[in-house]
Amino acid sequence: MNHKYNLLPDEQVILESDNKILTLTNKRIRYDYEKMGGSDFISITLDSVSSCGLETKSYPVFLVLAFISMFGVFVLESDGKIFAFVLFLLFIFIYFITRKAFFIISSNGGQNIQLPASSMSRSAIIEFLETVENEKIKYLEKVKSFT
C-alpha cells in the first residue's frame, strides 16, 4: 500500500478509509486531510486513544415547528393554509439539512480526530471503531508482556 508518510519500525497498516484520509496501524491512528484553505493532520498513538464513537446531532425543534405549522393547515383559512404548508415543508427541509453525524476518536491528551460520517458508510465506521478497539487491546497486552 502507498502511504503519505513513513511507517515506524515494525509498524503495519491495519485499515484505511476508502479515501485514505484515516489510517489505523498497529501503533497509531493518523488523520490527514487537505482542503481548500487549510489542512488537518492529527496522529494519535494507540495507547493514547481514550474513546471513539459515532455522534449524531440534530435539532428536533424544527420537527416541532413543522408539526405546529401542519396544525395551521387544518385550522387556518385558505391563504393561511398555503403559508402554513410552506412553513411545514421549510421546517422539515431545515431539520434534514442540519442533521449531522460525526466519527470521533479522542485521545487522553485532548486532541480529537473528528470527521463527518458522510465520508464513510456506517458499516465502515463501525468496522473502523471495532478495529481501533481491538488493536488498542492487542497493543496494551503486548506492552504489559514486556513489563
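The values are calculated or read from the model by the stated rules, or taken from the named source; none is laboratory data. The structure presented is a predicted model; accordingly, all values stated were derived computationally and were not measured. All Cβ positions, even for glycine, are placed from backbone atoms using ideal geometry, and neighbour counts span all protein chains on display. Side chains are part of the model used for accessible areas, which takes the heavy atoms of the whole protein and leaves out ligands, DNA and RNA. Shrake-Rupley method; radii C 1.70, N 1.55, O 1.52, S 1.80 Å.
If you roll a 1.4 angstrom probe over the protein chains with everything in place, what fraction of the accessible area of the chain belongs to carbon and sulfur, to the nearest %?
59 percent
Per 0.36 nm of contour for each residue apart, how much would the distance between residue 77 and residue 121 grow if the chain were fully extended, relative to their Cα-Cα spacing? Intermediate results must be reported in sequence, preceding the final value.
Working: separation 44, 0.36 × 44 = 15.84 nm, distance 4.56 nm.
That pair, residue 77 and residue 121, stretches by 11.3 nm at full extension.
Which trypsin sites (Lys or Arg not before Pro) from segment 21-101 combine a DSSP loop assignment with at most 14 other Cβ atoms within 10 Å? It would help to have the intermediate numbers written out before the result.
On the way: sites: 27, 28, 30, 35, 57, 81, 99, 100; in loops: 27, 99.
Sparse-neighbourhood loop trypsin sites (Lys or Arg not before Pro): 99.
Rg over Rh of segment 28-115, using C-alpha atoms and the Kirkwood radius, what does it come to? Each step should come with its number before you reach the end.
On the way: Rg = 21.1 Å, Rh = 16.2 Å.
Ratio of gyration radius to Kirkwood radius for segment 28-115: 1.31.
Given 0.36 nm per residue, what is the gain on full extension from residue 61 to residue 48 after removing their alpha carbon distance, in nm?
On the way: separation 13, 0.36 × 13 = 4.68 nm, distance 3.73 nm.
The residue 61-residue 48 span can extend by a further 1.0 nm.
Using a 1.4 angstrom probe, figure out how much accessible area segment 16-147 has per residue, in square angstrom, rounded to the nearest whole. Write out the running numbers ahead of the final one.
Working: 8440 Å² over 132 residues.
On a per-residue basis, 64 Å².
Classify segment 87-147: rounded, prolate or oblate, from the alpha-carbon gyration tensor (a ≥ b ≥ c, eigenvalue square roots; a/c under 1.5 rounded; otherwise prolate if a/b is larger than b/c)? Mind showing how you got there, number by number?
Values: a/c = 5.65, a/b = 2.95, b/c = 1.92.
Taking the square roots of the gyration eigenvalues as a ≥ b ≥ c, segment 87-147 is prolate.
So I have (i) 41, 33, 28; (ii) 77, 33, 26; (iii) 59, 32, 22, and one of them is Cα extents along the principal axes in Å calculated from this model. Which one is it?
(ii)
May I have the count of lysine pairs in the chain with C-alpha atoms under 19 Å apart, counting pairs 8 or more residues apart or located on different chains?
10
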